[in-house]
Each structure stands twice: as structure tokens, then as C-alpha cells.
Amino acid sequence: MVSNVSRKVDGLLFDKDGTLFDFHTTWSSWAGHIIDNLSEGDAALRMRLADAMHYNLVQGQFAPTSPIIAGTNREAAECVAQAITDRSVEELEDYLMHTSSTAPQAETVPLAPFLSSLAENGVSLGVMTNDTEYGARAHLGSAGVTDHFDFIAGFDSGFGAKPSPDPCLAFARALELDPARVAMVGDSTHDLLAGRAAGMQTIGVLTGTALEADLAPFADVVFPDIGHIPAWLPA
């Protein structure tokens, strides 16, 4: 792809949860439901699940320390398995994948017009999430924006998981982009570390659980949400 020097990047690679979709509205709500479902009225088990997942039952939110926030579906299943010892990690992994794929998504900005505007300006678009590719396609499909992306990958798509740079570089290769002309956009240090390691520009957003102080050391710029990107794009 020929670079357009009138803008800072030729490609944008987005994280999904906490970036395209608001994290707490989607995932804290989902986690509360699965804790209730898996505990089946057992108060002690409910507390063990919440502790293993770093979930605050009173606030109804993940704590910022939760490994589930930026982790893979497998890592989430391993957390749950710490509390539920009579089910295999593989069984729990499958359960989480299917229940999460139907979790209601709250768009951080109206995604269809936002993505259409970027594409009309010649920017290649991708999604790389530590969720499953199945989950990513289900969520993007529910928002009606799957076709806006040139590349969609999960941790299980064969490119690895963030913070490894490999999935970021897979996007650049697939779209024939210079990594230096791509920005990785995410709400966690996993996203930004992956982008930096791939030689990409990095954009942090505050629609996840991280604070600006958490992201700033690893980001070229930090925005309240992805809606600020179009004004940043011109070179």
C-alpha cells in the first residue's frame, strides 16, 4: 500500500473490549451474571469466584487488577477454574466463549459512521483482541460493523496474543503496511506494549479500566475515546 503523507498513519488496529466497546457496561455486567449462574445460589462459591476473577460484588465491576481484563479467554477460564474445581479449564473456556459472545455491547462511539469515515479517507482497519475470534466476530456482527474491517483476529487465530507484537505484525503483513505507518489503539498496557514492540504508533483510550497515568508511558497520545482519532490523523 502506498503511504499518504497527508495523514499520520495508513492503518489503525483496534483492540475490541474497552476500545470499540465500553468495558464496564459490557464485561462487568456479563461477569456478574456468570458468577451468579455458576455459583447456583452457593454464597461461598460466589465469593470464591469473585475473588478469583478480581470482581467487586458490591460495585458490580472488575477491579483494575483482574487478569481477565486484558487476558485471553483461556486465561479467564483458568481464573474461574481456581474457584470451580469440578469442571475442566477446557469446559469453562468453551462456556465463557459462548456466554460472552452474546453479551450486550455498548459502543464507545457510534461505530458505523466512525469507521466509514476512516475508510473513506483510505485508512485500513483491523481488530486484534485477546478474546476469541468467534467472540470478536459475534460482537462486531451485533454492532453491524464486521464488514468495515480488513482484518479480524483473536488470541486463537494463529498469530498469538498481546502483548506479543506478532498479531500486530500480522495485520501489517496482511494489508501490506509499514508497521511504522500503523497505530495500535487500545485501553490496556497489553495493547500498547504490543504496538510498541511491533514498531507501531500507539494510541491509548480511557474507555476501559486503565487510567491515563497507566497508559501514558506507553502511548504516543491518550484520548478519552476513539472518537478523537479523526482530528489527530492529519499529518
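Between the amide H of Phe14 and those of Gly126, Val127, Met128, Val185, distances stay under 5 Å, these residues lying 5 or more places away or on another chain, with hydrogens modeled in the peptide plane. Apolar share of the accessible surface for the chain: 53 percent from carbon plus sulfur atoms, 1.4 Å probe. Across segment 142-183, the residues whose backbone nitrogen lies under 18 Å from the label position 7 Å along the beta-carbon direction of Ala235 are 177-183. The H on the amide N of Phe223, modeled in the peptide plane, is under 5 Å from the matching H of Gly204, Val205, Leu206, each at least 5 residues off or on a different chain.
Convert 20 °C to kelvin, take the viscosity as 1.002 mPa s, use the Kirkwood radius over C-alpha pairs of segment 86-190 as Rh, and evaluate the Stokes-Einstein diffusion coefficient in µm²/s, rounded to a whole number. Approximately 143 µm²/s, per Stokes-Einstein. Normalising the average separation of contacting C-alpha pairs (under 8 angstrom, six or more residues apart) by the number of residues puts the relative contact order of segment 143-231 at 21 percent. Using Cβ point charges alone (K and R +1, D and E -1), the dipole size of segment 97-233 about the Cα centre works out to roughly 120 debye.
Taking packing as the residue-averaged number of other Cβ atoms within 10 angstrom, the listed peptides 42-51, 20-29, 91-100 run from highest to lowest as 20-29, 91-100, 42-51. Based on C-alpha pairs under 8 angstrom that are at least 6 apart in sequence, segment 121-184 has a relative contact order of 32 percent.
Between the listed residues Phe159, Trp30, Met53, the Cα displaced farthest toward the positive end of the dipole of the chain, a dipole computed from Cβ unit charges relative to the Cα centre, is found at Phe159.
Computed over segment 35-155, relative contact order equals 20 percent, with contacts defined as Cα pairs under 8 Å that lie 6+ residues apart.
As an exercise, find the ratio Rg/Rh for segment 170-235 from alpha-carbon atoms, using the Kirkwood inverse-distance average for Rh. The Rg/Rh ratio comes out at 0.97.
Counting only DSSP H runs of at least 4 residues, each contributing -39500 (n - 2.57), and dividing by the residue count of the chain, the helix-based mean residue ellipticity at 222 nm comes to -11000 deg cm²/dmol. The residues of segment 88-235 present an accessible area of 40 Å² per residue when probed at 1.4 Å with all protein chains retained. Take 137-147, 163-173 and order them by the average number of nearby Cβ atoms within 10 Å per residue, most first; the result is 163-173, 137-147.
The values are calculated or read from the model by the stated rules, or taken from the named source; none is laboratory data. Just so we're clear, the structure is a prediction, and the values are computed from it rather than from any experiment. Note: ideal-geometry Cβ built from the backbone for every residue, glycine included; neighbour counts use all protein chains shown. Surface areas here come from the heavy atoms of the whole protein model, side chains and all, with no ligands, DNA or RNA. Shrake-Rupley method; radii C 1.70, N 1.55, O 1.52, S 1.80 Å.
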